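Engineer: Below is one structure. I have some questions about it.
The values are calculated or read from the model by the stated rules, or taken from the named source; none is laboratory data. This one's a predicted model, so the numbers in the text were calculated from it and none came from an experiment. Heads up, the Cβs are rebuilt from the backbone with ideal geometry, glycines too, and the neighbour counts pull from every protein chain shown.
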Amino acid sequence: MYVLVGLGNPGAKYEYTYHNMGFRVLDELADRHSIRIEQKKCKALVGEGFIKGEKAVLCKPQTFMNLSGESVVQLLNWYKCDPEEIIIIYDDTDLPSGKVRFRSKGSAGTHNGMRSIVELTGRTDIPRLRVGIGRPPEYMELADFVLSRPAAEYKEAIDNAISKAADAAEVYLTEGLQSIQAYLGKGNEL
């Protein structure tokens, strides 16, 4: 069994913002595999089902981004999964818009949601799939940028990145760590 945690902020106000890329990748996977993400558990909305024959739990923490670790700790305890059986999916301003990158471990970097997860779980060995959203324009603060909706000219790149991230998550679930690294190629990036 795998637990996929998409990071984002709850509520319609944030639904299509850059910061909700994790939620949007889970929505893509849920659509592809007819999984309904609506059960309330562990401070998250959860959906259980199968992705290409593998049991999968899709989780959207409802704690707001900066407190994502609260939900992830509860999910790890509830599902009793090992670190390699969980994958965190989130936006990344350090990647160009539309890029997708996988890492099996590492620091939280500048992402507050991942920082909360590392801090509260005490682990840096949780796999993560990052969806690039690019840097904010010079006139915009980072916090305002991640809570904004992508401009029309970035919609296609963002939609493609969501699809690529969902594909990569499927490869990880069905074929494992080495296969996702091979799928993403040099630098673990598409």
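Engineer: Taking segment 19-62 as the search range and keeping residues that are assigned to a loop (DSSP other than H, G, I, E, B) and at pLDDT below 95, which one is farthest from ASP167 (Cα to Cα)?
Structural biologist: GLY53
Engineer: Here is a follow-up. If I go through segment 103-136 residue by residue, how many of them are out of contact with any Ser or Thr (no Cβ under 9 Å at 6 or more places or on another chain), modelled with pLDDT of 90 or more and not charged (D, E, K, R)?
Structural biologist: Number of matching residues: 4.
Engineer: Further, regarding this structure: Yes or no: THR93 of a type in the set (Ser, Thr, Tyr), under 24 Å from ILE37 (Cβ atoms), modelled with pLDDT under 95 and surrounded by fewer than 22 Cβ atoms within 10 Å (Cβ to Cβ)?
Structural biologist: No; evaluated as a whole, the condition is false for this residue.
Engineer: Examine segment 65-76 for a residue that is outside any helix (DSSP H, G or I), without any contact (Cβ under 8 Å) to a residue 60 or more places away in the chain and more than 12 Å from the chain's Cα centre (by Cα), and state whether such a residue exists. Spell out the reasoning first.
Structural biologist: Initial filter on segment 65-76 (outside any helix (DSSP H, G or I)): none.
No, because not a single residue in segment 65-76 is outside any helix (DSSP H, G or I), without any contact (Cβ under 8 Å) to a residue 60 or more places away in the chain and more than 12 Å from the chain's Cα centre (by Cα).
Engineer: Among the strands (runs of 3 or more DSSP E) confined wholly to segment 83-167, which include 2 or more residues that are of a type in the set (A, V, I, L, M) and closer than 19 Å to SER68 by Cβ?
Structural biologist: 86-92, 128-132
Engineer: Can you spot a residue in segment 162-171 that is in contact (Cβ under 8 Å) with a residue 60 or more places away in the chain, hydrophobic (A, V, I, L, M, F, W, C), surrounded by 22 or more Cβ atoms within 10 Å (Cβ to Cβ) and under 13 Å from THR93 (Cα atoms)?
Structural biologist: No, segment 162-171 contains no residue that is in contact (Cβ under 8 Å) with a residue 60 or more places away in the chain, hydrophobic (A, V, I, L, M, F, W, C), surrounded by 22 or more Cβ atoms within 10 Å (Cβ to Cβ) and under 13 Å from THR93 (Cα atoms).
Engineer: What pairs come up if the first residue lies in segment 117-130 and is free of Cβ contacts under 8 Å to residues at least 40 places away in the same chain, the second is crowded, with 17+ Cβ neighbours inside 10 Å, and their beta carbons are under 7 Å apart, counting only those six or more places apart or on different chains?
Structural biologist: THR124/VAL118
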